[in-house]
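Report on one structure; see the data block that follows.
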């Protein structure tokens, strides 16, 4: 049986590149949103001429599209993900560009009729509108306010539920769907669909907690095992005695259109 120290070492050793969560199989579970983002993405992509996937990660989600439009492009800020994304999206002849999450999108005005993003760190609604053609669509699944706050609060103490930015055209992971709608509309987009759900998560061992916090960096900003060893030890003891640690991820789907 693995010890606390063994599990910490295992959670620290797992690579964090890309958005492949298969390592968690048997160690953590998460309900999926009822709307089926990948299915909606495939439907919109099949009818598009040019698509941009913003903050694509390793391109894993975009790569599932059965029928891609003639033009496929993606942005990603984290250098280790770029090679993964280029490999995954190579069958589409995609252009994958390194771009900081807060930067202007490196494409001309009106270049795409579809812009998509799954779990972006930052959404620049003004930039989304700029690169969309008239009548174009933005489709995104986002991390909502208070996502996995049970884990955040356990390690860090109570935190504000929602994350707010000063820029009137920008939201970040942890913003609410209501705030995202307001910022999208302020940028000149029409929000045509907004859906929100809370999804049960279960962590079955402390290695899964450690790897999750290393991979999803906004849950506990600046997380490291050394900084949180005492609280992780307490959580390990709880899980050994009482079973999985339960938290709830908050997700919302937003679809907007440029008039």
Can you tell me which condition residue 159 does not meet? The list is (1) farther than 26 Å from residue 77 by Cα; (2) surrounded by fewer than 18 Cβ atoms within 10 Å (Cβ to Cβ); (3) in contact (Cβ under 8 Å) with a residue 24 or more places away in the chain, and all the others hold. (3)
Scanning segment 132-155 for residues that are on the phi > 0 side of the Ramachandran plot and either assigned to a helix (DSSP H, G or I) or crowded, with 21+ Cβ neighbours inside 10 Å (or both) gives 148
Using the structure shown, decide if residue 56 is at pLDDT 95 or above, in contact with a strand residue (DSSP E or B) (Cβ under 6 Å, 6 or more places away or on another chain) and closer than 30 Å to residue 232 by Cβ. no
Say we look at segment 156-179 and pick out the residues that are in a loop (DSSP other than H, G, I, E, B) and closer than 15 Å to residue 126 by Cβ; which of these is modelled with the highest pLDDT? 169
When segment 176-192 is checked residue by residue, the ones that are in contact with a helix residue (DSSP H, G or I) (Cβ under 9 Å, 6 or more places away or on another chain) and touching a residue at least 40 places away in the same chain (Cβ under 8 Å) are 180, 183, 184, 186, 187, 188, 189, 190, 191
In this structure, does residue 67 turn out to be touching a helix residue (DSSP H, G or I) at 6+ places or on another chain (Cβ under 6 Å) and surrounded by fewer than 23 Cβ atoms within 10 Å (Cβ to Cβ)? yes
In segment 79-88, is there at least one residue being surrounded by fewer than 23 Cβ atoms within 10 Å (Cβ to Cβ) and not in a helix (DSSP H, G or I)? no
Please list, ordered by first then second residue, the pairs with beta carbon atoms under 7 Å, 6 or more apart or interchain, first in segment 24-36 and in contact (Cβ under 8 Å) with a residue 24 or more places away in the chain, second part of a loop (DSSP other than H, G, I, E, B). 27/204; 27/205; 28/204
Would you mind telling me which numbered condition in (1) surrounded by fewer than 18 Cβ atoms within 10 Å (Cβ to Cβ); (2) within 26 Å of residue 72 (Cα to Cα); (3) over 21 Å from the mean Cα position of the chain (by Cα) residue 191 fails? (3)
Segment 230-243 residues that are closer than 15 Å to residue 7 by Cβ, paired with ones that are not in a helix (DSSP H, G or I) (beta carbon under 6 Å, 6 or more apart): 239/245
So if I check each of 129, 200, 214, which one is part of a strand (DSSP E or B) and in contact (Cβ under 8 Å) with a residue 12 or more places away in the chain? 200
Looking only at segment 217-259, which residues are assigned to a loop (DSSP other than H, G, I, E, B), farther than 19 Å from residue 144 by Cα and in contact with a helix residue (DSSP H, G or I) (Cβ under 8 Å, 6 or more places away or on another chain)? 223
The residue that is surrounded by the most Cβ atoms within 10 Å (Cβ to Cβ), considering only those in segment 108-126 that are assigned to a loop (DSSP other than H, G, I, E, B) and in contact with a strand residue (DSSP E or B) (Cβ under 6 Å, 6 or more places away or on another chain), is 119
Which numbered condition residue 102 fails, given (1) buried (at least 18 other Cβ atoms within 10 Å of the Cβ); (2) under 27 Å from residue 216 (Cα atoms): (1)
Within segment 127-153, the residues that are touching a strand residue (DSSP E or B) at 6+ places or on another chain (Cβ under 8 Å) and closer than 23 Å to residue 214 by Cβ are 141, 142, 143, 144, 145, 146, 147, 148, 149, 150, 151
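The values are calculated or read from the model by the stated rules, or taken from the named source; none is laboratory data. Remember, it's a predicted structure, so these values are computed and weren't measured experimentally. Neighbour counts are summed over all protein chains in view; Cβ atoms, including those assigned to glycine, are modelled from backbone coordinates with ideal geometry.
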